[in-house]
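Just so it is clear, none of the values below were taken in a lab; they were calculated from the coordinates. Keep in mind it's a predicted model, so treat the numbers as computed, not measured. We place every Cβ from the backbone using ideal geometry, glycine too, and count neighbours over all the protein chains shown.
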Amino acid sequence: MDLIEDLKWRYAVKKYSDKTVDQAKIDRILEATNLSASSAGMQPYRLFLVQDQEMKNKLGEGSFNGQIAEAPYLLVFAAYTSMGQQFVDNYIAHVAAEREIPVSALADFKASLEGYILNRSDSENFSWATKQAYIALGTALIAAAEQRVDATPMEGFDSEKFDELLGLRKKGLKSVVILSFGYRHESDAFAGLKKVRAHQEEMVTLV
Ligand SMILES: Cc1cc2nc3c(=O)[nH]c(=O)nc-3n(C[C@H](O)[C@H](O)[C@H](O)COP(=O)(O)O)c2cc1C
């Protein structure tokens, strides 16, 4: 597959068919999403994959995005709302365990993380965490296209309701963006629209 062809093939689907997606494809999209880059590798967000129809119905109630209830899968990107010493300690312990090195070998790295995480307000850290989640959203979109799985990124949802229904608050998380997966309905008029992007020379300035 060619990356440019994948990106030209995808579009933000408005209407889904009821065809489900092979689990192997979903697993690959999730694995790619988890491999996404993040600042200092901290991945200050978590993902929730919703398949339960009743839950999707409740989440989508009142939203202009019918895709929330209609698509067979809904991936919720939720960012941490507060990050303190424990957050840094857990991450450092994880890196040490994965690389099979002592925590003490990461002392300088730990001090630099503390320097910026602990000196920022919760709201600054949440804003940073949200940006990291959006990078993962981009990775998920590309991975879905590579699998020829349709997807729709969405900001049009009731974050408070999502947090409540998915029990995110007690996990210290807040939903920031969502992505549905499935297959486009043959009557989705958006499938045939020409993709509109800035002209390359307007987008990119060569210096
Ligand atoms: C962060 C983000 C939020 C979006 N929110 C919505 C949304 O709530 N509903 C929707 O139908 N499309 C949404 N879109 C899709 C965009 O409208 C779409 O990506 C854009 O028009 C470009 O078209 P294309 O993705 O089909 O090429 C969103 C896209 C992004 C990246």
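Counting Cα-Cα pairs of segment 3-203 in 10 Å increments starting at 0 gives whole-percent bin shares of 8, 31, 32, 20, 8, 1.
Extension gain for the segment Gln85 to Ala198, taken as residue separation times 0.36 nm less the Cα-Cα distance, is 36.4 nm to one decimal. Charge dipole (Cα centre; +1 on Lys/Arg Cβ, -1 on Asp/Glu Cβ; no other charges) of segment 3-203 amounts to roughly 240 debye. When a/c is below 1.5 the answer is rounded, else prolate if a/b is larger than b/c, else oblate, so apply that to segment 28-82 with a ≥ b ≥ c taken from the square roots of the Cα gyration tensor eigenvalues. Prolate is the answer for segment 28-82, as a/c is 1.5 or above and a/b outweighs b/c.
When you restrict to C-alpha pairs under 8 Å that are six or more residues apart and normalise by the size of segment 24-125, the relative contact order lands at 25 percent. Relative contact order of the chain: 37 percent, from C-alpha pairs under 8 Å at least 6 residues apart in sequence. Does segment 122-207 classify as rounded, prolate or oblate by the C-alpha gyration tensor (a ≥ b ≥ c root eigenvalues; a/c under 1.5 gives rounded; else a/b over b/c gives prolate, otherwise oblate)? Oblate, because a/c is 1.5 or more while a/b does not exceed b/c. Where only DSSP H runs of four or more residues are counted, the chain gives -13500 deg cm²/dmol as its mean residue ellipticity at 222 nm, each run worth -39500 (n - 2.57). Among beta bridges identified by DSSP and lying wholly in segment 3-203, the antiparallel ones come to about 95 percent. Using a cutoff of 8 angstrom between alpha carbon atoms and counting only pairs six or more residues apart, the relative contact order for segment 17-72 works out to 45 percent. What is the list of residues in segment 170-207 whose amide nitrogen lies under 15 Å from a point 7 angstrom out from the Cα of Arg148, following Cα to Cβ? Residues 182-184 qualify, since their backbone N sits under 15 Å from the label point.
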